[in-house]
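All remarks here apply to the structure that follows.
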Amino acid sequence: MDEMLLAREPVIRLAAFLGVLAAMAFWEILAPRRRREIPRLLRWSNNLALVALDAVALRIAFPIVAVGLAVIAEERGWGLFNAFGTPGWIAVPLSVVVLDFAIYLQHVLFHAVPALWRLHRMHHADLEFDVTTGVRFHPVEILLSMGLKLGLVAALGPPAVAVLIFEVLLNASSMFNHSNIDIPSRTDRWLRWIVVTPDMHRVHHSVLPEEANSNYGFNLPWWDRLLGTYRAQPKSGHLGMTLGIDRFRTRRDLWVDRMLLQPLRRR
Ligand SMILES: [Zn+2]
Ligand SMILES: [Zn+2]
């Protein structure tokens, strides 16, 4: 069962990525939230080139993926859940929630530690906010994140299927909550009790530091509310707010070579 899951993992992930990307892109065309200022071709070609580079970097740096490690941990009885023989119906949902909380904490850390912020600020330097922003992460951030996930999988011993669900869910929800889509505010209000919505995460992409340092959640919206980092709306409104960070604001900065070198640049 697990071997089959592992063999199909790349196909499942790629299909989910392409499916959600297409669905959100279509939704953005049908019902956009903010007016587009920068040609889609410029941002999309570069953001998607970065995703391809991230995937290659991950392949080269890690001989094993998180789902693969979960399979090994299950076979050898590593980690909390395996050691106690926790039944799947408890271990699967609990693992997804614990992994999501870990990603929330990691995100807070990437803002708080200056060296990590240099890597993560590239995600924030996107001058617009759409589905491709949701996958625009520096390869070194992706590698560090995978390292943390592997450590957590070894310690927790989650079922392999839970790790796969979590990774597909995180990727899908990141593309959803970065989308430039117009969800009626009444729907948004109840939806953001279950999942991080685009209006909720857009606040995090504000140029204002106090707004950027809120709404760290990617998947479940509860951590921000529980830990006091929740901010309902941006001060200048969703249409009036400025996105990005105060430097790297030229169109040239949106090219993939500049994105890769951004952590090393001062001005
Ligand atoms: Zn952030
Ligand atoms: Zn973001």
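The values are calculated or read from the model by the stated rules, or taken from the named source; none is laboratory data. None of the values given here were measured: they were computed from a predicted structure. With ideal geometry, Cβ positions are generated from the backbone for all residues, glycine too; neighbour counts draw on all protein chains shown.
This table checks each residue for (1) surrounded by 19 or more Cβ atoms within 10 Å (Cβ to Cβ); (2) over 22 Å from Leu148 (Cβ atoms); (3) within 11 Å of ligand 2 (Cβ to nearest atom).
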{"position": "Ser174", "(1), (2), (3)": "yes, no, yes"}
{"position": "Asn177", "(1), (2), (3)": "yes, no, yes"}
{"position": "Asn180", "(1), (2), (3)": "yes, yes, no"}
{"position": "Pro184", "(1), (2), (3)": "no, yes, no"}
{"position": "Asp199", "(1), (2), (3)": "yes, yes, no"}
{"position": "Arg202", "(1), (2), (3)": "yes, yes, yes"}
- Message: Quick check on the stretch 224-257: of everything there that is hydrophobic (A, V, I, L, M, F, W, C) and within 15 Å of ligand 2 (Cβ to nearest atom), which residue is nearest to His120 (Cα to Cα)?
- Response: Ile245
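Can you tell me which residues in the stretch 221-237 are surrounded by fewer than 19 Cβ atoms within 10 Å (Cβ to Cβ) and either of a type in the set (Ser, Thr, Tyr) or within 21 Å of the chain's Cα centre (by Cα) (or both)?
Trp222, Arg225, Leu226, Leu227, Gly228, Thr229, Tyr230, Arg231, Ala232, Gln233, Ser236
Select from the stretch 172-182 the residues that are closer than 18 Å to His205 by Cα and in contact with a helix residue (DSSP H, G or I) (Cβ under 8 Å, 6 or more places away or on another chain) and list them in ascending order. If you could, list the steps in order and put the result at the bottom.
Taking the stretch 172-182 first, the residues closer than 18 Å to His205 by Cα are 173-182.
Listed by number, the residues that qualify are Ser174, Met175, Phe176, Asn177, His178, Ser179, Asn180, Ile181.
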- Message: Tell me which helices (runs of 4 or more DSSP H) are completely within the stretch 135-203 and hold 2 or more residues being among the charged types (D, E, K, R), or say none if there are none.
- Response: 139-156, 185-191
- Task: Just give me the residues in the stretch 30-40 being assigned to a helix (DSSP H, G or I) and at pLDDT 95 or above, in sequence order.
- Result: Leu30
- Item | First in the stretch 115-131 and among the small types (Gly, Ala, Ser), second anywhere and part of a loop (DSSP other than H, G, I, E, B) and away from ligand 2 (no atom under 11 Å from the Cβ), Cβ under 7 Å, 6 or more apart | Ala125/Gly244; Ala125/Ile245; Ala125/Phe248
- Query: How many residues does the stretch 217-263 hold that are outside any loop (DSSP other than H, G, I, E, B) and in contact with a strand residue (DSSP E or B) (Cβ under 8 Å, 6 or more places away or on another chain)?
  - Reply: 1
- Message: Going residue by residue through the stretch 178-189, is there one that turns out to be in contact with a Leu (Cβ under 6 Å, 6 or more places away or on another chain) and more than 15 Å from ligand 1 (Cβ to nearest atom)?
- Response: no
- Query: Which of the residues spanning the stretch 73-94 are surrounded by 18 or more Cβ atoms within 10 Å (Cβ to Cβ), closer than 11 Å to Leu156 by Cα and of a type in the set (A, V, I, L, M)?
  - Reply: Ala73, Ala91
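Let's see how each residue does on (1) of a type outside the set (A, V, I, L, M, F, W, C); (2) surrounded by fewer than 21 Cβ atoms within 10 Å (Cβ to Cβ); (3) modelled with pLDDT of 95 or more; (4) in contact with a Lys or Arg (Cβ under 9 Å, 6 or more places away or on another chain):
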| residue | (1), (2), (3), (4) |
| --- | --- |
| Leu109 | no, yes, yes, no |
| Leu116 | no, yes, yes, no |
| His123 | yes, no, yes, yes |
| Asp126 | yes, no, yes, yes |
| Phe129 | no, no, yes, yes |
| Thr132 | yes, no, yes, yes |
| Ala155 | no, yes, yes, no |
| Ala162 | no, no, yes, no |
- Note on the structure: Exactly one of Arg136, Arg76 is more than 14 Å from the chain's Cα centre (by Cα) and either within 16 Å of ligand 2 (Cβ to nearest atom) or farther than 21 Å from Leu169 by Cα (or both), and that residue is Arg76
- Does Val108 fit the bill of being part of a helix (DSSP H, G or I), more than 27 Å from Ala22 (Cβ to Cβ), of a type in the set (Val, Ile, Thr) and away from ligand 2 (no atom under 16 Å from the Cβ)? no
- Query: Does Val98 meet the test of being more than 21 Å from His205 (Cα to Cα) and away from ligand 1 (no atom under 16 Å from the Cβ)?
  - Reply: yes
